[in-house]
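Sharing a structure below in structure tokens format, with a few things to ask.
The values are calculated or read from the model by the stated rules, or taken from the named source; none is laboratory data. Remember, it's a predicted structure, so these values are computed and weren't measured experimentally. A quick note on method: Cβ atoms are made from the backbone with ideal geometry, for glycine too, and the neighbour counts reach across all protein chains shown.
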Amino acid sequence: MIFYASSASRARRVGAVAAVMTVALGLGLASAARAANSDPTLPLGDSDLAETRSSQTLTRGVTLTRIVRGTDPAPADQITTTTRGPWVVNVLTIDPTATRGHLAATYGADLAGVEKTTDLVRAAGALAGVNASFFTFTASAQYPGDPVGLGVFGGKLLSEPTGDPAEANLVVDARSNRVLMGQLRWSGTVQNKRTKVTLPLEFVNHPPVVPAGCADLAQPTQCTLPGDVVRFTPEFAEATPAGTGVEVVLDGQGCVVRTSTTRGTTLGPDQTSLQATGRETVALLAVAKGCVRQTSTVRDETGRKLRLHAGMFGVNGRYRLLTGGRIVVPDGSDSFFARNPRTVAGTTADGRIVLVTIDGRMTTSVGTTMAETAAVAAALGLHDAINLDGGGSTTMSVEGALVNRPSGGTERAVGDALVFVDSRFTGR
């Protein structure tokens, strides 16, 4: 993992809001389209395809570039196979040495809910943003926005990395716009302060699973099958997940406020809770007496502890695309690796931050395979890059208006977003 350093200047914003909105509303970039002869063409499709690029300065140090490769719409039955495109790519480039702004992540009203990227950009007072993490998504889920992997917001770990080899993480320090990419690891414990008895935590803000056969027991502590131990924070939702199990509510000092042999409660601003299911219910009740000490440790790939502070934000993706300028995306044959809309986050060797959307599943933009996505990232000059959530989630917004064209025809609500705010970070 590499942190890219920057020395953010204090230059003031110079972009005109009207020009930005013209871009965002899809009426064309303010600057005239130019042939892509000063930058490498994208390695997509046949070599004779026409490619045009249009660029707009949104504010000092931040540019938006629209790349269109191919001119004719694809036959509907050839979207996944055509070598003629077309492809529509939007590239947001942030130069930390030239901007006073900062990159951050936001999830909206609560972690478990979903909101549109455009709304997240507006609510954050951001200039621009893209969708970010993979999340539960299914409309039938009670907590559809629950991140499937890392979620760090304002220095708080609100969702732990899964440990899945496919998970790739991006962490940004909003104070300096330094970016860390790679695969993080997490461990957590709860320990009784008096007896020193310790219980490992398995999740943060993730509904625990009740073992099959234990849901209807008169007492949850009668279950002998393995369950989960989970820490919940007020940011998760209006109330913690309800169901069979036990729950212990703690105050800001880690002292027990109340204990219940069923799950589901409302937490105060300074409270957290511990839920357990299965045979772990007995273990939690034994530990969570009086006052407890909770630990939560995030480490990078080298095993070094990542010290979280108020300016740190982190999201999850699936698969690294580039590491040190080298394409590292694995081969795959399922639909995930086929042509789809894509969202990419990366950095250049000199520390610029780049956010990319590639429209797909349409005759007007066919999308990219994972291998094609990595090749595009390399052609755009990225040194390190990860694949964020894509498909119908792929969205880029400028000042709360759509820049790209979502594949479903309308914008999908998502779990969180990476947003660029055109002011220095002042959080503590």
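Taking Val298 and the conditions (1) within 25 Å of Ala349 (Cα to Cα); (2) touching a residue at least 60 places away in the same chain (Cβ under 8 Å), which numbered condition does it fall short on, given that it satisfies the others?
Only one criterion is unmet by Val298, namely (1).
Suppose we filter Ala76, Ala139 for residues that are among the hydrophobic types (A, V, I, L, M, F, W, C) and modelled with pLDDT under 95; which single one remains?
That would be Ala139, the only listed residue that is among the hydrophobic types (A, V, I, L, M, F, W, C) and modelled with pLDDT under 95.
What number goes with the only condition from (1) surrounded by 17 or more Cβ atoms within 10 Å (Cβ to Cβ); (2) assigned by TED's automatic domain parsing to the domain that holds Gly155; (3) more than 18 Å from Gln183 (Cβ to Cβ) that Leu308 does not pass?
(3)
How many residues are without any contact (Cβ under 8 Å) to a residue 60 or more places away in the chain and closer than 15 Å to Gly290 by Cα when one looks only at region 196-216?
Residues flagged as without any contact (Cβ under 8 Å) to a residue 60 or more places away in the chain and closer than 15 Å to Gly290 by Cα within region 196-216 amount to 1.
Let me ask something else about it. With free of Cβ contacts under 8 Å to residues at least 40 places away in the same chain and not charged (D, E, K, R) as the only criterion, which of Thr272, Thr265, Thr261, Thr277 stands out?
The conditions single out Thr265.
State which residue is surrounded by the fewest Cβ atoms within 10 Å (Cβ to Cβ) when the search covers only region 340-363 and only residues that are of a type in the set (Val, Ile, Thr) and touching a helix residue (DSSP H, G or I) at 6+ places or on another chain (Cβ under 9 Å).
So the residue we want is Thr363.
Cβ-Cβ distance below 6 Å, separation of 6 or more or different chains: which pairs start in region 332-360 with a residue that is at positive phi and end on one that is part of a loop (DSSP other than H, G, I, E, B) and aromatic (Phe, Trp, Tyr)?
Correct list of pairs: Gly351/Tyr4.
Next up: Which condition from (1) surrounded by 14 or more Cβ atoms within 10 Å (Cβ to Cβ); (2) in a loop (DSSP other than H, G, I, E, B) is the one that Met181 breaks?
That leaves (2) as the condition not met.
Mind checking which residues of region 28-57 are part of a loop (DSSP other than H, G, I, E, B), surrounded by fewer than 13 Cβ atoms within 10 Å (Cβ to Cβ) and modelled with pLDDT under 95?
Hits for region 28-57 are Ala32, Asn37, Ser38, Pro40.
Filter region 238-250 down to the residues that are surrounded by fewer than 22 Cβ atoms within 10 Å (Cβ to Cβ) and on the phi > 0 side of the Ramachandran plot and list them by number.
Correct list: Gly243 only.
If you don't mind, another one. Checking Val230 against (1) touching a residue at least 40 places away in the same chain (Cβ under 8 Å); (2) under 20 Å from Thr266 (Cα atoms); (3) assigned to a loop (DSSP other than H, G, I, E, B): exactly one of these is not met. Which one?
With (1) touching a residue at least 40 places away in the same chain (Cβ under 8 Å); (2) under 20 Å from Thr266 (Cα atoms); (3) assigned to a loop (DSSP other than H, G, I, E, B) applied to Val230, the lone miss is (3).
Of the residues Thr347, Thr343, which single one is in contact with a Phe, Trp or Tyr (Cβ under 6 Å, 6 or more places away or on another chain), part of a strand (DSSP E or B) and modelled with pLDDT of 95 or more?
Exactly one residue qualifies, and that residue is Thr347.
Looking at region 355-412 only, could you name the residues that are closer than 17 Å to Ala132 by Cα and either touching a Phe, Trp or Tyr at 6+ places or on another chain (Cβ under 6 Å) or among the polar types (S, T, N, Q) (or both)?
Result: Thr357, Met370, Thr373, Asn387, Asp389, Ser393, Thr394, Thr395, Ser397, Asn404, Ser407.
How many of the residues in region 367-409 are aliphatic (A, V, I, L, M), closer than 21 Å to Phe137 by Cβ and surrounded by fewer than 24 Cβ atoms within 10 Å (Cβ to Cβ)?
Number satisfying all stated conditions: 2.
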